[in-house]
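Chemist: Sharing a structure with you now.
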Amino acid sequence: FGNEEIIALNQDPLGVQGYKRSSEDGKEVWAGPLSNNEFAVVLFNRGDTPAEIVAYFDEIGIDKKLTPMFVRDLWKHEDLGVAHSGFVKATVDSHDVAAFRLKPVFPPRGLRGSEHAPSSAPTSRDFQPINAVIQDLSSAM
């Protein structure tokens, strides 16, 4: 397990854990704030067939002041361009994951990443660190 970009999510200096933002029919969206007003977004498909999964910025805690966002695919090590429409999506293979790092094109002055941390912690029922999901997936392969 040597993907430096994935490891960097876990070691981000902001230190705020990402958590599950939505789950429907085996399609999960995990997200969390990173330092420098950046965000980690992980799309996880627990289903038996490929599925399109969408993470809407407003549902994962990204302030509209931070959009548009540069999108980087952390598994492919590719910059995918700029998301102007307020979401990121991917078709994720069965029992697979897509991981993205989002960075504001025009970060507003005076905002720090910690201001985008969740205002209340998720319940223990919903909480599982993003890196645990990734480790779970890698052990299943």
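The values are calculated or read from the model by the stated rules, or taken from the named source; none is laboratory data. Predicted model, so just to flag it, every value in this text is computed and none were measured. Backbone-built Cβ (ideal geometry, glycine too); neighbour counts: all protein chains shown. Note: areas computed on protein heavy atoms with side chains; ligands, DNA, RNA excluded. Shrake-Rupley method; radii C 1.70, N 1.55, O 1.52, S 1.80 Å.
Chemist: Which residues, taken from region 46-90, are open to solvent by 70 Å² or more (accessible area, probe 1.4 Å), outside any loop (DSSP other than H, G, I, E, B) and among the aromatic types (F, W, Y)?
Modeler: Correct list: Y56, F70.
Chemist: Restricting to region 18-31, what's the tally of residues that are open to solvent by less than 40 Å² (accessible area, probe 1.4 Å) and at positive phi?
Modeler: Going through region 18-31 one residue at a time, the tally reaches 1.
Chemist: Something else: From D79, D73, grab the single residue that is touching a Lys or Arg at 6+ places or on another chain (Cβ under 7 Å), at pLDDT 95 or above and not hydrophobic (A, V, I, L, M, F, W, C).
Modeler: Unique residue meeting the criteria: D79.
Chemist: Can you tell me which residue is nearest to E28 (Cα to Cα) among those in region 63-88 that are β-branched (V, I, T) and under 11 Å from the mean Cα position of the chain (by Cα)?
Modeler: If we take residues in region 63-88 being β-branched (V, I, T) and under 11 Å from the mean Cα position of the chain (by Cα), then V88 is nearest to E28 (Cα to Cα).
Chemist: Tell me which residues, restricted to region 68-79, are touching a strand residue (DSSP E or B) at 6+ places or on another chain (Cβ under 7 Å) and either more than 17 Å from N3 (Cβ to Cβ) or in contact (Cβ under 8 Å) with a residue 12 or more places away in the chain (or both).
Modeler: P68, M69, F70, V71, R72, D73, L74, W75
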